[in-house]
Amino acid sequence: MQLHYHGRFPRRQRIKFNRVKIGVRLLALMTLLGLGWGGFRLYLRWSRVPQAVLVLGGSPDREVFAANFARTHPELPVWVSGGSNPEYAEWVFAEAGIPRQRFYLNYDAVDTVTNFTTLVDELRSRDIRSIYLITSDYHMRRASAIGEIVLGSRDISFRPVSIPSGLAPEPLDKSIRDGVRALVWLATGYTGSTLRDRLNPSHSVYLEPNQRRYPLETWPEF
């Protein structure tokens, strides 16, 4: 019995060791694939020339910044997703001298995930492969996480353009939550926005806190 016990013990150790080796190899492989994909997306981000601008709504400041940005990038069309009311948005762009046919106001989005899912196919149908992504600096981490998944699924890259706000970045869990929602959308076509509204109706209105309107003469230069 003693010899039998010692004869089996090394075998169990070998099995355990082999499982650890397989796990380490799989982890290394996934890490390499992740780094490779991340590097590829980063290469596309800076090698492609942006063909359009996407502005994420939530604060009137973003339309003001976007109008000024459009003025310095006169060749690019602008999409505003879930922004301010049409009268205000049209006034801001008109004051910046942007022709109405250059910008598109879309109000299908109810949150940051749907900012992307409601427009990604329209952008792709116009053969747009690279965009400037404009939002507030505190919001950019979450927007980028979603954008990599949703825009990346249609082979669209983006260059982030952050608007200074003086606010702290959003909690990381928001980026993780919405990243998961973007993956669910990729697999099922469902964004989870209706479930979010039922669970948290007080946040169903798509506006950011502490909204301000910059006077036109104080527009930030990009």
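The values are calculated or read from the model by the stated rules, or taken from the named source; none is laboratory data. Treat the numbers as computed from the prediction; the structure is a model and nothing was measured. Heads up, the Cβs are rebuilt from the backbone with ideal geometry, glycines too, and the neighbour counts pull from every protein chain shown. Side chains are part of the model used for accessible areas, which takes the heavy atoms of the whole protein and leaves out ligands, DNA and RNA. Shrake-Rupley method; radii C 1.70, N 1.55, O 1.52, S 1.80 Å.
So the values come out like this:
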{"item": "Residue within the range 124-135 that is surrounded by fewer than 18 Cβ atoms within 10 Å (Cβ to Cβ), part of a helix (DSSP H, G or I) and either of a type in the set (Phe, Trp, Tyr) or at pLDDT 95 or above (or both) present", "result": "yes"}
{"item": "Which numbered condition Gln101 misses (of (1) open to solvent by less than 10 Å² (accessible area, probe 1.4 Å); (2) out of contact with any helix residue (DSSP H, G or I) (no Cβ under 7 Å at 6 or more places or on another chain); (3) over 25 Å from Glu148 (Cα atoms))", "result": "(1)"}
{"item": "Residue match in the range 42-59 (condition: open to solvent by 20 Å² or more (accessible area, probe 1.4 Å), modelled with pLDDT of 95 or more and farther than 17 Å from Phe158 by Cβ)", "result": "no"}
{"item": "Matching option when the condition is touching a Gly at 6+ places or on another chain (Cβ under 7 Å) and hydroxyl-bearing (Ser, Thr, Tyr), among Ser81, Ser165, Ser125", "result": "Ser81"}
{"item": "Members of the range 91-111 that are within 14 Å of Arg62 (Cα to Cα) and in contact with a Lys or Arg (Cβ under 7 Å, 6 or more places away or on another chain)", "result": "Ala96"}
{"item": "Criterion: over 20 Å from Asn68 (Cβ atoms) and at pLDDT 95 or above - qualifying residue of Val150, Val161", "result": "Val150"}
{"item": "Extreme residue, modelled with the lowest pLDDT, among residues of the range 85-98 that are in a loop (DSSP other than H, G, I, E, B) and open to solvent by 20 Å² or more (accessible area, probe 1.4 Å)", "result": "Asn85"}
{"item": "Given (1) over 17 Å from Val64 (Cβ atoms); (2) surrounded by 20 or more Cβ atoms within 10 Å (Cβ to Cβ); (3) in contact with a Phe, Trp or Tyr (Cβ under 6 Å, 6 or more places away or on another chain); (4) of a type in the set (A, V, I, L, M), index of the condition Val110 fails", "result": "(2)"}
{"item": "Qualifying residue in the range 137-156 (condition: part of a strand (DSSP E or B), in contact with a Ser or Thr (Cβ under 8 Å, 6 or more places away or on another chain) and crowded, with 18+ Cβ neighbours inside 10 Å)", "result": "no"}
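Quick grid of which residues meet (1) in a helix (DSSP H, G or I); (2) among the aliphatic types (A, V, I, L, M); (3) within 25 Å of Phe69 (Cβ to Cβ):
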site: Gly166; (1), (2), (3): no, no, yes
site: Glu170; (1), (2), (3): no, no, yes
site: Asp173; (1), (2), (3): yes, no, no
site: Ile176; (1), (2), (3): yes, yes, no
site: Gly179; (1), (2), (3): yes, no, no
site: Ala187; (1), (2), (3): yes, yes, no
site: Tyr190; (1), (2), (3): no, no, no
